[in-house]
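Derivation of every value follows stated rules applied to the coordinates shown; laboratory data play no part. What you see is a predicted model, and the numbers here were worked out from it, not measured in a lab. Quick reminder, even Gly has a Cβ in these numbers, built from the backbone with ideal geometry, and neighbours come from all protein chains shown.
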Amino acid sequence: MTAGSWLRGSTARAVLALALVLALGAVFHADGAFLKISTHRDALRQASVYGILACGMTLVIITGGIDLAVGSVLALSAVCFSLWTIHWGWSAWLAVPACILVGAAVGAASGGLASVFRIQPFIATLSLMVFVRGIAKTISGGTKVSTAVPAADGGYRYVEVPEIFRAIDSRVLGGQVSTVTLLFAVCAVVSWVLLARHRWGRQLYAIGGNEEAARLSGVPVRAAKIGAYVACGALAAVAGICQAAQEQQGDPEAGAGYELTAIAIVVIGGIHLGGGRGGIGRTLLGTLTIGYLGKILSINAVPEAARLMLTGTIIVAAVLTQRREARS
Amino acid sequence: MNSREPTSSSVLHLFGRVAAAVVAVAALASCGPSTEPGEVEPAEPRWRIGMSQCNLGEPWRVQMDADVRSAAADHPEIEVLFKDAQNDVLKQRAHVEEFVSAGVDAILISPKEAAPLTEPVAKAMEAGIPVVVIDRKVLGDRYTTFVGADNHEIGLAAGRWLVEALGGKGRVVELKGLMTSTPAQDRHSGFREGIAGSDIEVVFEADMKWLEPEARREMESALARFEEIDAVYAHNDPGAHGAYLAARAAERESEMLFVGIDALPHEGVMYVKQGMLDATFEYPTGGREALELVLATLGGEAPPREVTLGSRLFTEQNVEQGGAPIASQGEIQ
Amino acid sequence: MSAQGVAKSSSGPRGEVEASTTLVPRLRMRAISKRFGSVRVLSEVDFEAFGGEVHVLAGENGAGKTTLIKILAGAHADYEGRIELDGVEVRPRTPREAAALGIAVIHQELSLVPSLGAADNLFLGRWPTRLGLVQEGAMRASAVAALERFGIDIDPERPVGELGTATRQLIEIAKALLREARVLVLDEPTSALQAPEVEDLLGRLGDIRARGCAIVYISHRMEEIERVADRLTVLRDGHRVASAPAADVTPAQLVGWMAGREAAEPFTRHAPPGGSERLRVENLSVRVRGAVAVEGVSLSVRSGEILGLAGLHGAGTSELLTGLFGGGGAVQGELWVDGERVRFRGPAEAISRGLALVTPDRQATGLVLPLSVAANLTLPDLRRLSPWGLRHPGRELSVASELMDTLGVRANSPSDPVAQLSGGNQQKVAIGKWLTVEPRVLLLDEPTRGIDVGAKRELYDLIERWTYEGIAIVLVTSDLRELLALSDRILVLHRGRPAAELSGLQATPEAVLEAAMGERRAVAR
């Protein structure tokens, strides 16, 4: 591939979008705030939960599907994690895998509805988005699960934040990288290996590229597809654990609208929603673009209304460039 | 929090009822009838009171029901029937009508919206049942008493308190609630009135939409931008808590004060006890007061048309004693 | 009918014109030529139809009938030659323009809106309106009148999706006539109909003819052609072979024209000595979406043997291959591979038993276009190439490169997207991907569709080589000469049922076509 054709590719467009956002930050640096290391550390940490969700979303979108339930799974996982570790005193070694299992189970339900019962992924996961939010509220009793544990007398008893919360919401590598960012990196690497180096990843691309051809080539379409939703749910559960650790509580309302951010990230990364194309590298670019855009708007204290309009504009611009590529 | 609207997308809103129904079914399956049995005393109660809550998704409203319940526990002669309308106006309307046909002796209602509930409340009054309206009003004057707090007053008190605590001078970050909601607007304007005339400067303000993760994010930006911050005023306690976590992650939590609002026992009050927040101002639920008013009415007294609830301030010094009441005009007693 | 029709380049109406009222033809297409890339699909074809006649357009699959009709319908704007309607030259560039000129084409895939009623469909896009509002009452009244006129007895408000195929077809024809179509093209109108419905439709053709409309009728069924045709035009390999009044033509003559007398074999295959039985199928039936596509077919292929499957459009040959591969349809019957009784619940199981299916449409079902050549070539064998689930891109590339050499796939690199390759090279990938799994039975469905002569030749060589490697091949192709040249035996299907099994000297183009058209029920075996 020549340099010229690479520049016209959609990876290049995603890089360009990120570069533009970073340039924006350099210009509107908010009295030098954008130039501090801590700003970047925070920007990366804030983007990490979205990024973890986007990794799972990428797997599903590559099959030509979509998962709207990730925000609710995040909330369910955050609630379960807080309940089990803070209130019930479970060890992290038990609670973390259990939460991931819960997320995977929701994913299995989404995937089953989408591929076995042939409900459109949008509808299947929309219904689960609502249903799982309901479960999260039921389990939490409608309130945040925090270190104030309801006592029998109607009052509260107060407990310490479990060690695992502090461990996740800490910093590593000389204090310059948040643990959450590291977790995001691990999720991204695992997703990359699965997509780019694992048989299953190749099957996902084949399904998204041409489901019928894949099926007639012996690809286990149903199992592979369900697997994508399972992985997406599991990653959303990881994101939920990170969210709970950062909030020091499990909020059943957490993650509302995050599914849309995750989809926006994938789109800004230049991944076609039709499936069969894209990769984790682009998702990473999309995550950084959205993360930095949010950070720059925040340090400049841009009013909420303007933020919404600017973010919307960026997404439309990304989709327009994507469409131009598809046409050429 | 009293009149917060859900911030979720319209799709969520649309399907919210489905979710609510699912939760309701689950709740029903696990706990039996939605009216709580705990209040039934062995002795035949003399008064039966219906309590219609517009939703139990917000911790503050859960607290309101808890306050009513604990007030009722002091009176063995009454029984309270609790209903949760799950943010559905029509459901809440039905609840009021059910109370009327069940012939309760009095009704407590914390309405979701004024207009649709005005008529049912008036019908109850016509049936001779006194109705105490809590937190949000209904239209007109066909109710017995309104009980509510004043967000502007509370914001004012927070402002005055900060002026005093900072010695009249300082750089403050204001983390606002959803600015399209009335409570956020009032807490903002009250606060600005409270700090007016002092040398306190709001250097950074952002809309954190009542959400803790948003508050933490915005606070991180403020910390990156300003080397010196003297205080954070957040429109609710989770917001202040999020700001505290951000400052602690930057190892700057000791350089500034953290002030929140609501003072729920398991949120703001706990944060103050744990030394995270320096002050929180109670936004009273009015549950206990409303029940006392109902009892007085049933006892033949003529209640006032409107009761404005006073707030309480919780600080490290007074939190164990249950805080200190605040008089009007934000003066701390 | 005489030899006069054989001339290729003559123009103007033939001597005898039946049932026409004027000497100017309704439709005249003169010297129409069309190429797709380097492939010439129509060469200076003349065609004319007079008002009030049914003109049957006949020819084997791939003879150019569809292309000619598509040009008429405005689907291919870039053709050579001229089209005249009632003596006036027209050049429809889009289907919409063609429709406006009065050319109506009734396809096998009907173009009605299933959720709307017959009334709405009849006036689709031309609703009677006042101030932009549809005049429901007026529309309903004229719809009822129109349906009555055409003898269609249905509720005009009922969604047409709930009606049967035959009724929908009638509505579509009524719609065309309401718009005063001058030329009505019926493209295999009876292929999806049951016998009584066919009767009904054929009965109505007389009425339609009486309206002065020129009817171009495409069909593969001899009995229909004999019944309805006033005149016949036969295409073969993009040339007009003959045009004559139907009364003068015998079925044998028609088949002869379609098949071509010379039937020069483009390729002579050397068959390996016969081996053991690889695949045996007993009494196979396939239902696709509830409709019987294949019924009661039995066949057997030995190693090194090529069994040709012949059948005209809708005969069920594709459904047969897909069905026995476990790739679609509800399958009943018994299957043996290398003497072992098998049952496939899906393609993966068929593949593990050594079956491979090359689908007729490489873009729709054969290849994953966004993926690379290497990814496509290794897809069926992904499991073996990725022990413990981990892929080895280097190994995949070397496997792919080797295959590309064997097959002669011309691409810059195995990493190129397969979508960038030419049609012939794509087809080689679509076939070649199966070689990695070392198939024992290769099911080839139209393996040479849409590729040029050179690429075809290379494929024939490959197919011959595979037979020497002991692979049993079942071949479906609409190219009759290709089928005859490659197959050891030919099984002919007619409407999903076995019509004849031909081998050796029996296997002539005429015999195959006759059986396929249902002209004569030859006894199988």
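Remarks
- Centre-to-centre separation between the Cα atoms of region A:291-316 and those of region A:256-286: 18 Å.
- C-alpha center-to-center spacing [region C:392-470, region B:110-137] in angstrom: 79 Å
- Label-point separation, A:W93 to A:V189 (7 Å along Cα→Cβ), nm: 2.3 nm
- Extending 7 Å from Cα along the Cβ direction at C:R91 and again at B:A250 yields two label points whose distance is 7.2 nm.
- Charge sum, other residues only, whose C-beta stays under 10 Å from A:V177's C-beta, Lys/Arg counted +1 and Asp/Glu -1: +3
- Computed over region A:131-198, the P(r) curve from all C-alpha pair distances, binned at 10 Å from the origin, holds 16, 24, 31, 22, 6, 1 percent per bin.
- Cβ-Cβ distance of A:A305 and B:S189, R₀ of 22 Å, FRET efficiency by 1/(1 + (r/R0)^6): the value works out to about 0.70.
- Radius 15 Å from Cβ of A:V193, net charge of other residues (Lys, Arg +1; Asp, Glu -1): +4
- DSSP beta bridge pairing in the protein assembly as shown, given as percent antiparallel to the nearest 5: 45 percent
- Across region A:176-328, the volume of the C-alpha convex hull divided among the residues equals 141 Å³ per residue.
- With N the number of residues in the protein assembly as shown, Rg(Cα) / (2.2 N^0.38 Å) evaluates to 1.20.
- Using the alpha-carbon positions of region A:1-133, Rg (one decimal) and Dmax (whole number) come out as 19.8, 59 Å.
- As a proxy for reagent exposure, ranking C:C213, A:C55 by other Cβ atoms within 10 Å from fewest up yields C:C213, A:C55.
- Here chain C carries DSSP beta bridges of which approximately 60% are antiparallel, counting only pairs with both residues inside.
- Between C:E349 and C:V113, residue separation times 0.36 nm minus the direct Cα-Cα distance comes to 81.0 nm.
- Between C:R40 and C:D361, the FRET efficiency estimated from the beta carbon spacing at R0 = 30 angstrom works out to 0.85.
- Residues listed by number, region C:293-323, amide nitrogen under 13 Å from C:Q332 label point at 7 Å toward C-beta: C:293-297
- Selection among C:L407, C:L459, C:V492 by position relative to the dipole of region C:386-525 gives C:V492 as farthest towards the positive end (Cβ unit charges, Cα centre).
- At R0 = 56 Å, FRET efficiency that the Cβ-Cβ distance of A:L260 and B:A127 yields, to 0.05: 0.75
- Relative contact order of region A:1-103, taken over Cα pairs closer than 8 Å and 6 or more residues apart, is 12 percent.
- Taking all Cα pairs closer than 8 Å and separated by 6 or more residues, the relative contact order of chain C comes to 15 percent.
- Taking the helices alone, chain C has a mean residue ellipticity at 222 nm of -9000 deg cm²/dmol, built from -39,500 (n - 2.57) per DSSP H run of at least 4 residues and averaged over all its residues.
- Here the relative contact order of chain A, from alpha carbon pairs under 8 Å that lie six or more residues apart, stands at 36 percent.
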